[in-house]
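Written below as C-alpha coordinates is the structure these notes are about.
The values are calculated or read from the model by the stated rules, or taken from the named source; none is laboratory data. Since this is a predicted model, take the numbers as computed values, not measurements. Cβ atoms come from the backbone with ideal geometry, glycine included; neighbour counts cover every protein chain shown.
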Amino acid sequence: MKVSIDHNLKWYDKVWAALIFFTRLPFWRIYQPPKTAYETVVEHWPLTGWLTGGIMALTLYGCSFIMPYMAAVIVAVIVRLLITGALHEDGLADFMDGFGGGGRDRERILEIMKDSRIGSYGVLGLVFYALLLTACLHSLPPVIGALAIFAGDTYAKMLAAQIVQILAYARSSETAKNGVVYRKFSIPAGISLFIQGILPLALLLYYLNFMKWDLLVFVPCLVMYALYRLLWSRIKGYTGDCCGAIFLLIELSFYLTLNIILHTI
(Lines give C-alpha, C1' and ligand atoms only; values in the text may rest on other atoms or scores of the structure.)
Protein backbone atom coordinates (compact mmCIF):
# COMPACT_ATOMS: atom_id res chain seq x y z
CA MET A 1 0.00 0.00 0.00
CA LYS A 2 1.45 3.31 -1.09
CA VAL A 3 1.28 6.08 1.51
CA SER A 4 1.70 9.71 0.52
CA ILE A 5 3.90 11.64 2.93
CA ASP A 6 4.57 15.37 2.91
CA HIS A 7 7.77 15.90 4.88
CA ASN A 8 7.11 19.65 5.00
CA LEU A 9 4.12 19.12 7.27
CA LYS A 10 4.71 19.28 11.01
CA TRP A 11 2.71 17.28 13.51
CA TYR A 12 1.05 20.42 14.81
CA ASP A 13 -0.05 21.35 11.28
CA LYS A 14 -2.01 18.11 11.15
CA VAL A 15 -3.50 18.57 14.64
CA TRP A 16 -4.63 22.12 13.93
CA ALA A 17 -6.08 21.04 10.59
CA ALA A 18 -8.09 18.26 12.27
CA LEU A 19 -9.45 20.61 14.95
CA ILE A 20 -10.42 23.20 12.34
CA PHE A 21 -11.91 20.63 9.97
CA PHE A 22 -13.94 18.56 12.44
CA THR A 23 -15.20 21.35 14.72
CA ARG A 24 -16.75 24.79 14.34
CA LEU A 25 -14.65 26.29 17.11
CA PRO A 26 -12.56 29.26 15.88
CA PHE A 27 -9.18 27.53 15.93
CA TRP A 28 -8.47 29.08 12.54
CA ARG A 29 -8.07 32.42 14.33
CA ILE A 30 -5.12 30.95 16.24
CA TYR A 31 -3.29 29.09 13.50
CA GLN A 32 -3.64 28.53 9.75
CA PRO A 33 -2.11 25.18 8.70
CA PRO A 34 -1.05 24.52 5.09
CA LYS A 35 -3.82 23.37 2.77
CA THR A 36 -2.20 19.95 2.35
CA ALA A 37 -2.57 19.36 6.09
CA TYR A 38 -6.32 18.91 5.59
CA GLU A 39 -5.61 15.75 3.61
CA THR A 40 -4.27 14.19 6.86
CA VAL A 41 -7.09 15.17 9.24
CA VAL A 42 -8.23 11.57 9.69
CA GLU A 43 -4.94 10.83 11.46
CA HIS A 44 -6.10 12.97 14.40
CA TRP A 45 -9.84 12.36 14.17
CA PRO A 46 -9.96 10.55 17.54
CA LEU A 47 -7.98 13.39 19.08
CA THR A 48 -10.78 15.77 18.13
CA GLY A 49 -13.02 13.29 19.92
CA TRP A 50 -11.11 14.06 23.10
CA LEU A 51 -12.46 17.59 22.66
CA THR A 52 -15.97 16.97 21.34
CA GLY A 53 -16.57 13.86 23.45
CA GLY A 54 -14.95 15.43 26.50
CA ILE A 55 -17.11 18.55 26.36
CA MET A 56 -20.23 16.47 25.73
CA ALA A 57 -19.37 14.19 28.66
CA LEU A 58 -18.75 17.10 31.02
CA THR A 59 -22.00 18.73 29.90
CA LEU A 60 -23.96 15.55 30.63
CA TYR A 61 -22.37 15.04 34.03
CA GLY A 62 -22.61 18.70 35.09
CA CYS A 63 -26.18 19.22 33.89
CA SER A 64 -27.31 16.04 35.67
CA PHE A 65 -26.98 17.94 38.98
CA ILE A 66 -29.19 20.87 38.00
CA MET A 67 -31.89 19.47 35.68
CA PRO A 68 -33.79 16.26 34.93
CA TYR A 69 -31.47 13.64 33.52
CA MET A 70 -33.30 13.38 30.18
CA ALA A 71 -32.87 17.13 29.73
CA ALA A 72 -29.16 16.78 30.58
CA VAL A 73 -28.79 14.12 27.87
CA ILE A 74 -30.51 16.30 25.28
CA VAL A 75 -28.42 19.35 26.22
CA ALA A 76 -25.24 17.27 25.93
CA VAL A 77 -26.23 16.08 22.45
CA ILE A 78 -27.04 19.65 21.39
CA VAL A 79 -23.67 20.87 22.67
CA ARG A 80 -21.81 18.37 20.49
CA LEU A 81 -23.95 19.32 17.49
CA LEU A 82 -23.00 22.95 18.03
CA ILE A 83 -19.30 22.11 18.34
CA THR A 84 -19.21 19.95 15.20
CA GLY A 85 -21.75 21.91 13.17
CA ALA A 86 -23.69 18.63 12.71
CA LEU A 87 -20.96 17.61 10.25
CA HIS A 88 -21.36 13.88 10.83
CA GLU A 89 -25.16 14.01 11.08
CA ASP A 90 -25.23 15.62 7.64
CA GLY A 91 -23.17 12.69 6.40
CA LEU A 92 -25.56 10.20 8.00
CA ALA A 93 -28.56 11.81 6.31
CA ASP A 94 -26.87 11.74 2.90
CA PHE A 95 -25.70 8.17 3.49
CA MET A 96 -29.23 7.00 4.33
CA ASP A 97 -30.68 8.76 1.29
CA GLY A 98 -28.03 7.35 -1.04
CA PHE A 99 -28.02 3.75 0.16
CA GLY A 100 -31.60 3.47 1.37
CA GLY A 101 -33.41 5.58 -1.19
CA GLY A 102 -33.32 5.54 -4.95
CA GLY A 103 -29.65 4.67 -5.37
CA ARG A 104 -29.64 1.52 -7.52
CA ASP A 105 -26.14 1.88 -8.94
CA ARG A 106 -22.85 3.54 -7.99
CA GLU A 107 -23.36 6.73 -10.00
CA ARG A 108 -26.87 7.29 -8.68
CA ILE A 109 -25.83 6.70 -5.05
CA LEU A 110 -23.00 9.23 -5.35
CA GLU A 111 -25.32 11.70 -7.05
CA ILE A 112 -27.93 11.42 -4.30
CA MET A 113 -25.36 11.81 -1.53
CA LYS A 114 -24.02 14.98 -3.13
CA ASP A 115 -27.51 16.51 -3.37
CA SER A 116 -27.93 19.17 -0.66
CA ARG A 117 -31.59 18.27 -0.25
CA ILE A 118 -32.63 15.67 2.32
CA GLY A 119 -35.02 12.84 1.48
CA SER A 120 -37.35 10.68 3.53
CA TYR A 121 -34.67 8.07 4.27
CA GLY A 122 -32.34 10.77 5.52
CA VAL A 123 -35.01 12.20 7.81
CA LEU A 124 -35.96 8.78 9.17
CA GLY A 125 -32.31 7.88 9.66
CA LEU A 126 -31.65 11.01 11.72
CA VAL A 127 -34.86 10.58 13.76
CA PHE A 128 -34.19 6.95 14.66
CA TYR A 129 -30.51 7.67 15.33
CA ALA A 130 -31.41 10.54 17.69
CA LEU A 131 -34.03 8.44 19.49
CA LEU A 132 -31.67 5.51 20.00
CA LEU A 133 -28.78 7.74 21.05
CA THR A 134 -30.92 9.60 23.60
CA ALA A 135 -32.44 6.41 24.96
CA CYS A 136 -29.04 4.71 25.31
CA LEU A 137 -27.44 7.63 27.14
CA HIS A 138 -30.48 8.20 29.37
CA SER A 139 -30.37 4.61 30.56
CA LEU A 140 -26.79 4.98 31.80
CA PRO A 141 -25.93 6.47 35.22
CA PRO A 142 -24.31 9.93 34.95
CA VAL A 143 -20.74 8.81 35.65
CA ILE A 144 -20.88 5.81 33.33
CA GLY A 145 -22.72 7.89 30.74
CA ALA A 146 -20.01 10.55 30.77
CA LEU A 147 -17.20 8.00 30.54
CA ALA A 148 -19.07 6.14 27.79
CA ILE A 149 -19.42 9.32 25.73
CA PHE A 150 -15.73 10.09 26.05
CA ALA A 151 -14.77 6.52 25.14
CA GLY A 152 -17.41 5.99 22.45
CA ASP A 153 -16.62 9.19 20.58
CA THR A 154 -12.89 8.50 20.32
CA TYR A 155 -13.07 4.72 19.80
CA ALA A 156 -15.68 5.03 17.05
CA LYS A 157 -13.60 7.65 15.25
CA MET A 158 -10.53 5.45 15.48
CA LEU A 159 -12.43 2.55 13.87
CA ALA A 160 -14.16 4.73 11.28
CA ALA A 161 -10.79 6.14 10.20
CA GLN A 162 -9.77 2.68 8.98
CA ILE A 163 -12.09 3.05 5.99
CA VAL A 164 -9.54 5.45 4.51
CA GLN A 165 -6.95 2.66 4.58
CA ILE A 166 -9.02 -0.16 3.13
CA LEU A 167 -11.07 1.62 0.45
CA ALA A 168 -10.32 4.15 -2.25
CA TYR A 169 -12.01 7.53 -2.35
CA ALA A 170 -15.10 7.23 -4.54
CA ARG A 171 -14.87 10.73 -5.99
CA SER A 172 -12.10 13.03 -7.18
CA SER A 173 -10.87 16.11 -5.33
CA GLU A 174 -12.68 18.24 -7.92
CA THR A 175 -16.05 16.62 -7.21
CA ALA A 176 -15.61 16.22 -3.44
CA LYS A 177 -17.96 18.32 -1.30
CA ASN A 178 -15.16 19.89 0.71
CA GLY A 179 -12.50 19.64 -1.97
CA VAL A 180 -10.35 17.35 0.21
CA VAL A 181 -9.33 13.75 -0.42
CA TYR A 182 -7.99 12.05 2.71
CA ARG A 183 -4.57 10.44 2.52
CA LYS A 184 -3.82 6.92 3.62
CA PHE A 185 -1.78 7.19 6.78
CA SER A 186 1.62 5.75 7.59
CA ILE A 187 2.42 3.10 10.21
CA PRO A 188 3.52 5.68 12.85
CA ALA A 189 0.35 7.67 12.18
CA GLY A 190 -1.70 4.48 12.54
CA ILE A 191 -0.09 3.73 15.90
CA SER A 192 -0.83 7.28 17.03
CA LEU A 193 -4.42 6.89 15.82
CA PHE A 194 -4.79 3.69 17.84
CA ILE A 195 -3.46 5.30 21.02
CA GLN A 196 -5.77 8.29 20.59
CA GLY A 197 -8.79 6.03 20.29
CA ILE A 198 -7.99 3.37 22.86
CA LEU A 199 -6.99 5.38 25.96
CA PRO A 200 -10.48 6.74 26.78
CA LEU A 201 -11.89 3.25 26.21
CA ALA A 202 -9.34 1.82 28.66
CA LEU A 203 -10.53 4.35 31.24
CA LEU A 204 -14.15 3.23 30.86
CA LEU A 205 -13.21 -0.46 30.98
CA TYR A 206 -11.15 0.14 34.12
CA TYR A 207 -14.14 1.83 35.78
CA LEU A 208 -16.35 -1.11 34.79
CA ASN A 209 -13.77 -3.62 36.08
CA PHE A 210 -13.33 -4.89 32.50
CA MET A 211 -16.61 -6.81 32.57
CA LYS A 212 -17.42 -8.28 29.17
CA TRP A 213 -14.85 -5.97 27.63
CA ASP A 214 -14.63 -8.22 24.58
CA LEU A 215 -18.20 -7.43 23.52
CA LEU A 216 -17.70 -3.70 23.97
CA VAL A 217 -14.54 -3.83 21.86
CA PHE A 218 -15.57 -6.25 19.13
CA VAL A 219 -19.23 -5.46 18.40
CA PRO A 220 -18.32 -1.99 17.02
CA CYS A 221 -15.60 -3.72 14.95
CA LEU A 222 -18.26 -6.02 13.46
CA VAL A 223 -20.41 -3.01 12.62
CA MET A 224 -17.41 -1.38 10.98
CA TYR A 225 -16.81 -4.51 8.89
CA ALA A 226 -20.47 -4.72 7.83
CA LEU A 227 -20.42 -1.09 6.70
CA TYR A 228 -17.14 -1.65 4.84
CA ARG A 229 -18.74 -4.56 2.97
CA LEU A 230 -21.75 -2.41 2.11
CA LEU A 231 -19.56 0.36 0.69
CA TRP A 232 -17.41 -2.07 -1.25
CA SER A 233 -20.38 -3.85 -2.79
CA ARG A 234 -22.31 -0.69 -3.72
CA ILE A 235 -19.81 2.06 -4.62
CA LYS A 236 -16.38 0.40 -4.41
CA GLY A 237 -15.10 3.22 -2.19
CA TYR A 238 -16.01 5.83 0.39
CA THR A 239 -16.90 9.52 0.57
CA GLY A 240 -16.74 12.10 3.36
CA ASP A 241 -20.45 11.50 4.01
CA CYS A 242 -19.73 7.79 4.43
CA CYS A 243 -17.01 8.55 6.99
CA GLY A 244 -19.42 10.63 9.08
CA ALA A 245 -22.17 8.02 8.88
CA ILE A 246 -19.80 5.18 9.76
CA PHE A 247 -18.58 7.08 12.82
CA LEU A 248 -22.10 7.72 14.14
CA LEU A 249 -23.31 4.17 13.50
CA ILE A 250 -20.25 2.62 15.16
CA GLU A 251 -20.62 4.98 18.12
CA LEU A 252 -24.30 4.08 18.44
CA SER A 253 -23.46 0.36 18.39
CA PHE A 254 -20.97 1.06 21.20
CA TYR A 255 -23.68 2.60 23.41
CA LEU A 256 -26.18 -0.14 22.55
CA THR A 257 -23.65 -2.83 23.43
CA LEU A 258 -22.82 -1.13 26.72
CA ASN A 259 -26.52 -0.98 27.59
CA ILE A 260 -26.96 -4.66 26.80
CA ILE A 261 -23.97 -5.54 28.99
CA LEU A 262 -25.20 -3.49 31.95
CA HIS A 263 -28.78 -4.73 31.66
CA THR A 264 -27.79 -8.42 31.52
CA ILE A 265 -25.46 -8.39 34.53
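Worth a mention:
- The number of residues in segment 204-214 that are assigned to a helix (DSSP H, G or I) and surrounded by 14 or more Cβ atoms within 10 Å (Cβ to Cβ) comes to 3.
- The residues of segment 233-243 that are under 19 Å from the mean Cα position of the chain (by Cα) and in a helix (DSSP H, G or I), listed by number, are Gly240, Asp241, Cys242, Cys243.
- Among the residues making up segment 214-265, those that are under 16 Å from Cys136 (Cα atoms) and of a type in the set (Ser, Thr, Tyr) are Ser253, Tyr255, Thr257, Thr264.
- Comparison of Leu167, Leu193, Leu201, Leu231 shows that the only residue that is at negative phi, in contact with a helix residue (DSSP H, G or I) (Cβ under 8 Å, 6 or more places away or on another chain) and surrounded by fewer than 22 Cβ atoms within 10 Å (Cβ to Cβ) is Leu167.
- The condition of being within 18 Å of Gly244 (Cα to Cα) and among the charged types (D, E, K, R) holds for only one of Arg117, Arg108, that being Arg117.
- The set of residues in segment 70-87 being out of contact with any Gly (no Cβ under 7 Å at 6 or more places or on another chain) and not β-branched (Val, Ile, Thr) consists of Met70, Ala71, Ala72, Ala76, Arg80, Leu81, Leu82, Gly85, Ala86.
- Verdict on His138 being touching a helix residue (DSSP H, G or I) at 6+ places or on another chain (Cβ under 9 Å), surrounded by fewer than 18 Cβ atoms within 10 Å (Cβ to Cβ) and modelled with pLDDT of 95 or more: yes
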